[in-house]
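Following: one structure in structure tokens, then a few remarks.
The values are calculated or read from the model by the stated rules, or taken from the named source; none is laboratory data. Owing to the predicted nature of the structure, the values given are computational and were not obtained by experimental measurement. Using ideal geometry, Cβ is built from the backbone for each residue, glycine included, and neighbour counts are taken over all protein chains shown.
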Amino acid sequence: MTTQETSAAPLGLRERKKQKTRDRIRREAYRLFAEHGYEATTVDQIAEAAEISPSTFFRYFPTKEDVVIQDEYDPALAEALRARPADEPIVDAILQALKGPLGQMLDQDREELLLRTRITFTDPAIRARSVGEQERSEKEIAAIIAERTGRDASDLDVKCAAAAIIAVFTTLVRHWVEGGGTEDLAELYERHLPLLSHGLEF
């Protein structure tokens, strides 16, 4: 997943307008994806629905794929983790973060998250891009673990921990989507993430 810039400082008027435009583009894109399918939906159709020009679309999203790839979840998680006590185990910190604004965001975006994840798992081009995004997410988590522990982000233990966390995230979301999103995603995280801190008992 690609991240967008976030900041603890309030956004200025220009930034708020840009964010509203980005949100409108994404909202209209997903409406069209749901109605016509991802492949059948063109950038021109998305731009027309969002009442912008195609050139404006490309200022916000370099490609149609980026509408699916880009999101705000990674920076929201990073911000939430950096607000948690440094001596709190990383899995506990993640679970606490999911009980705050991040969890609310996931709940509010339920339908969009279902659709975009289905597209990610089924569209070949986006699947290929998602591999790189997963690696980027692992590096972000590793950097946060390093900050919290005083260890280096290149430490193999830190890298393995980050990779395991992202792997569990991916597996749980895939399971959730395959079940039609009927289960509570936050409860899935709360139930299965502790496997990492308790150790595998198989």
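Annotations for the structure displayed:
- Which numbered condition residue 103 misses (of (1) closer than 28 Å to residue 182 by Cβ; (2) outside the structural domain of residue 169 (by TED's automatic domain parsing); (3) surrounded by 13 or more Cβ atoms within 10 Å (Cβ to Cβ); (4) among the small types (Gly, Ala, Ser)): (2)
- Residue tally, condition of a type in the set (Lys, Arg) and under 21 Å from residue 135 (Cα atoms), over the stretch 154-202: 2
- The residues of the stretch 97-125 that are among the aliphatic types (A, V, I, L, M) and not in a helix (DSSP H, G or I) amount to a single one, 98.
- The single residue among 78, 153, 128, 143 that is in contact with an Asp or Glu (Cβ under 7 Å, 6 or more places away or on another chain) and either of a type in the set (Gly, Ala, Ser) or in a helix (DSSP H, G or I) (or both) turns out to be 78.
- Residues (in a loop (DSSP other than H, G, I, E, B) and more than 30 Å from residue 193 (Cα to Cα)) located in the stretch 49-75: 50, 51, 52, 53, 61, 62, 63
- Residue selected from the stretch 30-43 under the condition at pLDDT 95 or above and either under 20 Å from the mean Cα position of the chain (by Cα) or hydroxyl-bearing (Ser, Thr, Tyr) (or both), by the criterion surrounded by the most Cβ atoms within 10 Å (Cβ to Cβ): 41
- Listed by first and then second residue, the pairs with beta-carbon distance under 8 Å, at least 6 apart or on different chains, first residue in the stretch 124-135 and assigned by TED's automatic domain parsing to the domain that holds residue 163 and closer than 18 Å to residue 73 by Cβ, second surrounded by 12 or more Cβ atoms within 10 Å (Cβ to Cβ) and acidic (Asp, Glu), are 126/65; 129/65.
- Restricting 94, 46 to those that are buried (at least 19 other Cβ atoms within 10 Å of the Cβ), part of a helix (DSSP H, G or I) and in the same structural domain as residue 17 (by TED's automatic domain parsing) reduces the list to 46.
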